[in-house]
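Here's a structure for you.
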Amino acid sequence: MSDVPLVIIDNIYFLEQGKSVLSKMRDDAYTCTQVPFELGGIGRHFRHVLDHYALFWKGFDGGVINYDDRERDIEIEHKRRHAVLLFETIKHDLSNWAQTQPNLDRTLRVWHNGTWCQSSVGRELQHLINHTVHHYAFVALILGVLDEDVEDGFGVAPSTLAAQMAP
């Protein structure tokens with residue numbers, strides 16, 4: 001993957017990280033909604049992340065992405081193994097697409113707050129990273145409340161991790 005742009009490598013990394021956390025999680029933790037802060041359950045956060053990746057792919061060919069047009073598939077929220085498979089599928093598709101040397105500067109139209117905005121493939125891939133890490137942070141918080149193990153760095157922005165490692 002040496003010629004693959006970093007923004008794609010980072011997306012693949014965070015998809016793998018999510019899959020790893022899901023693979024180690026208990027089913028009852030995944031579906032638990034009895035947590036404080038009214039954050040919704042872990043399954044809902046992972047489903048929401050998967051929705052955004054699905055919408056990126058759905059709108060990619062036509063150049064139009066609407067992240068509000070989510071299916072909100074309840075099965076993903078309740079079946080952890082189903083979510084694991086979807087993370088693997090999206091990661092696989094992204095890895096294969098990366099080998100085609102995609103044009104990250106290609107213009108896209110993205111629906112945002114009631115209006116269409118101009119964006120690019122690279123910018124939307126960066127959005128997916130930020131959005132994913134944001135929801136992983138909620139998941140990490142919920143896992144902590146449930147006394148579940150949380151992988152180091154899970155739910156932490158790449159820039160924060162880099163700053164923490166700097167001398």
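Yes or no: region 147-159 includes at least one residue that is modelled with pLDDT under 95, among the polar types (S, T, N, Q) and either surrounded by 12 or more Cβ atoms within 10 Å (Cβ to Cβ) or assigned to a helix (DSSP H, G or I) (or both).
Yes, some residue in region 147-159 is modelled with pLDDT under 95, among the polar types (S, T, N, Q) and either surrounded by 12 or more Cβ atoms within 10 Å (Cβ to Cβ) or assigned to a helix (DSSP H, G or I) (or both).
Starting from residues that are touching a Leu at 6+ places or on another chain (Cβ under 7 Å) and free of Cβ contacts under 8 Å to residues at least 40 places away in the same chain, keep the ones in region 71-111 and report whichever is nearest to Y53 (Cα to Cα).
Selected residue: L86.
State the number of residues belonging to region 136-167 that are in contact (Cβ under 8 Å) with a residue 24 or more places away in the chain, in contact with a His (Cβ under 9 Å, 6 or more places away or on another chain) and either within 27 Å of D105 (Cβ to Cβ) or of a type in the set (G, A, S) (or both).
1
Considering every residue within region 118-132, establish whether at least one is assigned to a strand (DSSP E or B) and either in contact (Cβ under 8 Å) with a residue 60 or more places away in the chain or of a type outside the set (S, T, N, Q) (or both).
no
Could you please find all residues in region 17-68 being closer than 19 Å to I142 by Cβ and β-branched (V, I, T)?
Selection gives V21, T31, T33, V35, I42, V49.
Here's another thing I want to ask about it. Quick one: would you say A98 is surrounded by 14 or more Cβ atoms within 10 Å (Cβ to Cβ), at negative phi, over 15 Å from the mean Cα position of the chain (by Cα) and among the aliphatic types (A, V, I, L, M)?
The answer is yes for A98.
Moving to a separate point now. Could you pull out the residue among L143, L128 that is under 12 Å from the mean Cα position of the chain (by Cα) and either surrounded by fewer than 18 Cβ atoms within 10 Å (Cβ to Cβ) or not small (G, A, S) (or both)?
Only one candidate qualifies: L128.
Looking at this structure, is A137 within 18 Å of the chain's Cα centre (by Cα), of a type outside the set (D, E, K, R) and farther than 16 Å from V7 by Cα?
Against the criterion (within 18 Å of the chain's Cα centre (by Cα), of a type outside the set (D, E, K, R) and farther than 16 Å from V7 by Cα), A137 qualifies.
The values are calculated or read from the model by the stated rules, or taken from the named source; none is laboratory data. Source: prediction; values computed, not measured. Glycine gets a Cβ as well: all are built from the backbone with ideal geometry, and neighbour counts include every protein chain shown.
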